[in-house]
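One structure is given here, and the rest of the page talks about it.
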Amino acid sequence: MNAEMVTSSAQLDEQKSPSPSVASETPTKINLMGMSRSELEQFFVELGEKKFRAGQVMKWIHQFFVTDFAEMSNISGKLRAKLEQICEIRVPEVVHRNYSKDGTRKWVFRVGDGAGSLVETVLIPADDKTGARKTLCISSQVGCALDCSFCSTGKQGFQRDLSPDEIIGQLWVANYSYMEEVAVAERERTVTNVVMMGMGEPLLNYDAVLSSMQIMLDDFAYGMSKRRVTLSTSGVVPKIDQLAKDIDVALAISLHAPNDELRNELVPINKKYPLKELIAACQRYITKDGNESARKHVTIEYVMLDGVNDQPEHAQQMLKLLKNLPSKINLIPFNPFPHAPYGRSSRNRIMAFQKTLSDAGFVCTIRQTRGDDIDAACGQLVGQVADRTRRAAQWKKKVEEKNMIVRVTGDPDS
C-alpha cells in the first residue's frame, strides 16, 4: 500500500451515493465488466457467435459507458436478448463519493456479497502542457498484508484480493462520473493516467491486476498509452521480473528508505527482498529495446518522515543507491493518521533533500497535496475497512504503551 486516505464511518452513512449499474436481480449472471478481449472472444465463440462481437461489446462498456444491452444498437436483437438473460455489466457499489473544490474526486466502493468490504479510489487532476491530466489511483486489494510501519492500511490487515471487474470498475466509475448527463454518442474517456497505487500490493494480486491493465491498454476499451499506466510495488522482486515478460507498463517503487536497516523497519518486505535485489530487478525491468516502451526509467516514491528518513546522510545514500538506475524521484510529504508514530518532514527539510538529489542530476519532484477538504490528500488513501486480523487494535495498543513509557521514564527508547 503506497497511498492512503481517511474516511470515517459517519461519512459513509451520511453520504451514500448509488452507482448506476450496481443492482442485479440475478447474482449468478456472468459479469462482462472485467473480461479481457481474449476472454470475451472465447465467451462469444462458446455462444456460437463471431469473435468480433467481443470488440463491439467492449467498446459499448468501456468507451460509451453503456451497461444496458438494449442500448447496444449494432448488435442484433436476438443476441441482445440472450446477453440480457445470462449476462450483466456491473461495477462495485458506490457507497460514498465526494468532489473537492480543487477537482479531486474520491469514491468508496463496497465489494463482495452482503455487507461486503470497502475500498477507496482517488482521482487527482493536474494541468499539463497538453491539457487537463486526470490521474486515477486504483486499489487492488482489500487491506494489505505488507504492514509498512507508516501506512494506515497495513495496520488493518489483509482481507482479500479484488477481482478484475472490481479493479477495472473503479476506472469505469471515475470516467462515467464526468458524463452521467452526456448523450451516449458524445461520451469520451476522461481519465488520462492510472496508477495501481491504492489499497493493497498489486503484485500480490498479480493475475487480476495484469488482466485489468490489459483492458486499460486495449484499443477496444480505454486505449491508454503504456506510459500512462503505472504499477507501484513495495518490491516483490520475482513478480517484477514476471511483469516485465507479460506487459509493458511504467514501474514505480515504494522505496521510502535508502538503506536496508531503515527499510527493514519501514517496509518489512525488504527483509525478504533487500535493496540490492530490488534495484537489480528494476534494472532488468527497464532493459528493453524499442522507442515506444514505457520502461525508460523507474519512478521512486519516497515518503518524507520527520527525523526518520529525511536527513542529509539519507539523501547521500539515495544518490549512491540509484546512481546506476535511470529513475525519477517523487518526494511525498507524509500525511499522518491516528496513532501514527511519525510526523511530516518540514518544508525546508524536504526542499533541502530535493536540492541534493536535483544537484546530482536526478529529476526530483515534491508531490503536491490535493483534495484536503475531502480527506483525499495525495500520499494517503485508507479505507475504514473491517479489521479481521485485529492488527489495527494491536498497533494502537503498542503506540499507547510506548507513549505511557515515555511519560513515566522520559526515555522514548525504553
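The values are calculated or read from the model by the stated rules, or taken from the named source; none is laboratory data. All figures in this text were calculated on a predicted structure; none of them were measured in a lab. Quick reminder, even Gly has a Cβ in these numbers, built from the backbone with ideal geometry, and neighbours come from all protein chains shown.
Here are some notes:
- Hits in segment 181-205 (condition: assigned to a helix (DSSP H, G or I) and surrounded by fewer than 19 Cβ atoms within 10 Å (Cβ to Cβ)): 184, 185, 186
- Checking segment 235-249 against the condition returns no match, with no residue being surrounded by 20 or more Cβ atoms within 10 Å (Cβ to Cβ), under 22 Å from residue 98 (Cβ atoms) and not charged (D, E, K, R).
- Test: residue in segment 63-71 that is at pLDDT 95 or above and touching a Leu at 6+ places or on another chain (Cβ under 6 Å): yes
- When residue 95 is tested against the conditions (1) touching a residue at least 24 places away in the same chain (Cβ under 8 Å); (2) under 30 Å from residue 132 (Cβ atoms); (3) in a helix (DSSP H, G or I), the lone failure is (3).
- Residue check, residue 281 within 23 Å of the chain's Cα centre (by Cα) and either assigned to a loop (DSSP other than H, G, I, E, B) or of a type in the set (S, T, N, Q) (or both): no
- A single entry from 325, 305 fulfils the requirement of being touching a residue at least 24 places away in the same chain (Cβ under 8 Å), crowded, with 20+ Cβ neighbours inside 10 Å and of a type outside the set (Val, Ile, Thr): 305.
- Residues of segment 40-82 satisfying the condition of being of a type outside the set (Ser, Thr, Tyr) and touching a residue at least 40 places away in the same chain (Cβ under 8 Å): 54, 55, 58, 59, 61, 62, 63, 64, 65, 66, 71
- Residue that is farthest from residue 332 (Cα to Cα) [pool: residues in segment 283-300 that are surrounded by fewer than 22 Cβ atoms within 10 Å (Cβ to Cβ) and modelled with pLDDT of 90 or more]: 284
- Residues (surrounded by fewer than 16 Cβ atoms within 10 Å (Cβ to Cβ) and under 18 Å from residue 229 (Cβ atoms)) located in segment 159-180: none
- Residue among 278, 266 that alone is touching a Phe, Trp or Tyr at 6+ places or on another chain (Cβ under 8 Å) and either of a type outside the set (S, T, N, Q) or over 19 Å from residue 151 (Cβ atoms) (or both): 266
- Residue that is nearest to the chain's Cα centre (by Cα), among those in segment 307-338 that are in a strand (DSSP E or B), of a type outside the set (A, V, I, L, M, F, W, C) and within 15 Å of residue 351 (Cα to Cα): 330
- For residue 228, the conditions (1) more than 25 Å from residue 60 (Cα to Cα); (2) under 14 Å from the mean Cα position of the chain (by Cα); (3) surrounded by fewer than 23 Cβ atoms within 10 Å (Cβ to Cβ) all hold with the exception of (1).
- Flag if residue 55 is at pLDDT 50 or above, farther than 30 Å from residue 335 by Cβ, in a loop (DSSP other than H, G, I, E, B) and outside the structural domain of residue 122 (by TED's automatic domain parsing): no
- From the list 265, 261, the one residue that fits, being at pLDDT below 95, at negative phi and assigned to a helix (DSSP H, G or I), is 265.
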